[in-house]
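Trainee: One structure coming up, written as structure tokens, with questions to follow.
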Amino acid sequence: SSGINAEYGDNLPIVVEEMEEGLKRVAKSDDDSVNSIKKKFRSMEELKKEMPNVEIKTEGQLMKDKMALFNSVNTSDIPSLIIVLEELEDLAHKYDNGGLLVSQGWIGELGELLSHSDEEVYRGVLRVFSSAAQSNPPVQKHCIQAGYLDALISKLLSQSEKLAKSTVFTISSMVRNFPAGLDAFRSLHGYNTLSTKLTLSSQAPLQRAILTFYNDLLDQDIQLKSDEVLKGLQPAGSMLCKKVSEIISDSSSSVDVVQEAVQFYSHTHHICSADINTAVTERLKQLQVLFNSEGNEEVTSIINLALSGQ
């Protein structure tokens, strides 16, 4: 306060008064802005009164209607099922609508189709689950408690690579940014299952999906960043390191997959270093030059980190 007094002297009361008046004008301006915005829109009740012959529905009513339509479709009517699931996917990404799937028990009705023989229907259901669970803790919690996370992890090893990619994305939606989900994923041997699936994979889309998921988890799961980083991966841990090394050193690997593989290695090089041979090191140096020439600073820094860890 002595500094303020020295600067303003006897004018301090005037300065304070001006500040108070300024704050009042800001508050009034904010109120005016809010009121101005409110005037541009009408409430649902006002709209219904003004347009009595037009049916206006809330998001919740739309969800109810779509679920009624879903339940009216025969499970053998594949085209109709897929259309309804796509419409539900569009609605479920909104937080409140995702919550309705849980609170109304609709998610259980959808879950029954996870055993459907048609892959497109299965993927359609997965997309609804993913849309609803993404950054929505109540839905994520329910998916774990109801056994859906466990069911998807159990299905993974027996699925085709195309189907497994969809399953991995949904599992990711259920556990990312949700500590209890990470704990459940770990206890259900999710890391080991995912690692085994990656070592068996020969297709870039699934490899990228799994490595991207792993890199997201490595950013979130403090336990994985410890010296016991591969504890949850055994016995697949050593195979995982070898697979990541093969992806990096293989010049035919797609750039986006290699990028995820290098990022994974930058997280785990102190564990996977035994699997890094001359071919991998040379490939990393080639990629370093490539991405640096393209001005891709993010990937270049990851490669630098991976090389420095050797």
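Trainee: Are there any pairs with C-beta distances below 8 angstrom linking a residue in the range 56-69 that is within 14 Å of residue 87 (Cα to Cα) to a residue that is among the β-branched types (Val, Ile, Thr) and open to solvent by less than 70 Å² (accessible area, probe 1.4 Å), with the two at least 6 apart or on different chains, and if so which?
Mentor: Filtered contacts from the range 56-69: 66/84; 69/84.
Trainee: It is to be established whether one or more residues within the range 294-302 are at pLDDT 75 or above and within 26 Å of residue 181 (Cα to Cα).
Mentor: No, because not a single residue in the range 294-302 is at pLDDT 75 or above and within 26 Å of residue 181 (Cα to Cα).
Trainee: Cβ-Cβ under 8 Å, sequence separation 6+ or interchain: first residue in the range 284-309 and farther than 19 Å from residue 253 by Cβ, partner exposed (fewer than 12 other Cβ atoms within 10 Å of the Cβ). Which pairs?
Mentor: Matching pairs, first to second residue: 309/270.
Trainee: Now for a separate question. Please verify whether residue 69 is surrounded by 11 or more Cβ atoms within 10 Å (Cβ to Cβ) and modelled with pLDDT under 85, treating the condition exactly as stated. Write out each step before concluding.
Mentor: Numbers: surrounded by 11 or more Cβ atoms within 10 Å (Cβ to Cβ): yes; modelled with pLDDT under 85: no.
No.
Trainee: Kindly provide the set of residues from the range 250-288 that are among the small types (Gly, Ala, Ser), closer than 15 Å to residue 214 by Cα and at pLDDT 80 or above, ordered by number. If you could, list the steps in order and put the result at the bottom.
Mentor: Going residue by residue through the range 250-288, those that are among the small types (Gly, Ala, Ser) are 251-254, 261, 266, 273-274, 279.
If we keep only those that are closer than 15 Å to residue 214 by Cα as well, we get 261, 266.
Residue satisfying the conditions is 261 alone.
Trainee: Inspect all residues belonging to the range 151-159 and state whether any of them is out of contact with any helix residue (DSSP H, G or I) (no Cβ under 8 Å at 6 or more places or on another chain) and under 19 Å from residue 109 (Cβ atoms).
Mentor: no
Trainee: Mind listing just one residue for me: the one in the range 125-171 that is basic (Lys, Arg) and within 20 Å of residue 100 (Cα to Cα) and, of those, least open to solvent (accessible area, probe 1.4 Å)?
Mentor: Filtering the range 125-171 for residues basic (Lys, Arg) gives 127, 141, 155, 162, 165.
Then keep just the ones that are within 20 Å of residue 100 (Cα to Cα); that gives 127, 141.
Numbers: 127: 83, 141: 107 Å².
Top of the filtered list is 127.
Trainee: While we're on this one: Please determine, by comparing only the residues of the range 112-124 that are of a type in the set (D, E, K, R) and under 13 Å from residue 159 (Cβ atoms), which one is least open to solvent (accessible area, probe 1.4 Å).
Mentor: 123
Trainee: Another one. Looking for whichever is polar (S, T, N, Q) and part of a loop (DSSP other than H, G, I, E, B) here; the options are 140, 159. Which one fits? First the steps, then the outcome.
Mentor: Values: 140 fails: part of a loop (DSSP other than H, G, I, E, B).
Residue meeting the stated conditions: 159.
The values are calculated or read from the model by the stated rules, or taken from the named source; none is laboratory data. Just so it is clear, the model here is predicted, and its values are computed rather than measured. Please note: Cβ atoms are built from the backbone with ideal geometry, for glycine as well, and neighbour counts cover all protein chains shown. All accessible areas refer to the heavy atoms of the entire protein, side chains included, with ligands and DNA or RNA removed. Shrake-Rupley method; radii C 1.70, N 1.55, O 1.52, S 1.80 Å.
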